[in-house]
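Chemist: Dropping the structure in here first, questions after.
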Amino acid sequence: FTIGGLRLRQVNKLIPQAVNFSGLGGELEGIVSVPRSSRGPFQGMVICHSFPFLGGNMSSRSVYAIAEALDSRGIATLRFNFRGVGFSGGRFDNGKGEQDDLRVAIETFRRWPNVKKNSVGVVGVSFGSVVALDALAKLKNISSLVLISPTSGSIKRSTIKSFRGAKL
């Protein structure tokens, strides 16, 4: 079925909807979880996985645990595979094109039903945190930023000091 032009299919109990959306490098796959409570709209977090050549993807244990923890606290999540990972189209681009993937994922999630469009943040794990930091100046209106194992170089070259949202 479709919602707002997005193709969806049911998955399991924790993560109710799979989505494919168009990225600049090809179609990207993701999984959305929106709390089942009727009190939405909800805050949202886009989760970026670790380095793909070391097994990082949207279904890795760390990414799943983050999604599960946020879901249990009433926060909607979108976890997705960067270009060239899993069934996402395109080719790995050393973190450059992946910045565009993140931007498109955020834009897609803001249009998701029952997600507060002005309250979407980003969680990055390792490679995902580097991509988030490198893209930070280009990301518009993200509400929060959580970095797990970023590199010191990515922190030094980032614009994180001027980021006004919540950060961890």
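Chemist: On a straight-distance basis, which lysines could pair with Lys116 in a cross-link, Cα separation under 24 angstrom, same-chain partners fewer than 8 positions away excluded?
Modeler: Lys116 reaches Lys13, Lys138, Lys140, Lys167.
Chemist: With every protein chain left in place, what is the accessible area per residue of the chain in square angstrom, probe 1.4 Å? All intermediate terms of the calculation are to be shown ahead of the outcome.
Modeler: Details: 8430 Å² over 168 residues.
Using a 1.4 Å probe on heavy atoms only, each residue of the chain averages 50 Å².
Chemist: Excluding residues fewer than 8 places away in the same chain, name every one of the aspartates and glutamates whose C-alpha is closer than 15 Å to that of Lys117.
Modeler: Hits, sequence-local ones excluded: Glu107.
Chemist: What whole-number volume per residue, in cubic angstrom, does the convex hull of the C-alpha atoms of the stretch 116-168 give?
Modeler: Here the figure is 68 Å³ per residue.
Chemist: Also, I was wondering about something else. With a 1.4 Å probe and all protein chains in place, put Thr77, Thr159 in order of accessible area, largest first.
Modeler: Thr159, Thr77
Chemist: Exposed loop trypsin sites (Lys or Arg not before Pro) only (DSSP loop, at most 12 other Cβ atoms within 10 Å): please give the longest stretch of the chain free of them, not including the sites.
Modeler: The answer is 97-139.
Chemist: Nearest 5 is fine: what % of DSSP beta bridges in the chain come out antiparallel, could you say?
Modeler: On the way: 17 of 34 bridges.
In the chain, approximately 50 percent of DSSP beta bridges are antiparallel ones.
Chemist: Another question, if that's okay. Can you figure out the FRET efficiency of Phe163 with Asn114, using R₀ = 25 Å and their beta-carbon distance, to the nearest 0.05?
Modeler: 0.45
Chemist: Setting aside same-chain residues fewer than 8 positions from Lys161, which aspartates and glutamates have a Cα under 17 Å from its Cα?
Modeler: Cα-Cα hits under 17 Å: Asp134.
Chemist: Let me check I have the definition right: for the chain, take the eigenvalues of the Cα gyration tensor, multiply each by 5, take square roots. What are those semi-axes in whole Å, largest first?
Modeler: For the chain, the ellipsoid semi-axes come out as 22, 18, 15 Å.
Chemist: Kindly report, to the nearest 10 Å², the accessible surface of Val104 as traced by a 1.4 Å probe over protein heavy atoms only.
Modeler: 20
Chemist: Ignoring ligands, DNA and RNA, what percent of the 1.4 Å accessible area of the chain is carbon and sulfur? Walk me through the intermediate numbers first.
Modeler: Numbers: 4400 of 8430 Å².
Carbon and sulfur: 52 percent of the exposed surface of the chain.
The values are calculated or read from the model by the stated rules, or taken from the named source; none is laboratory data. Nothing here was measured: the structure is a model prediction, and the numbers come from that model. Cβ atoms come from the backbone with ideal geometry, glycine included; neighbour counts cover every protein chain shown. The accessibility values were calculated without ligands, DNA or RNA, using every heavy atom of the protein model including side chains. Shrake-Rupley method; radii C 1.70, N 1.55, O 1.52, S 1.80 Å.
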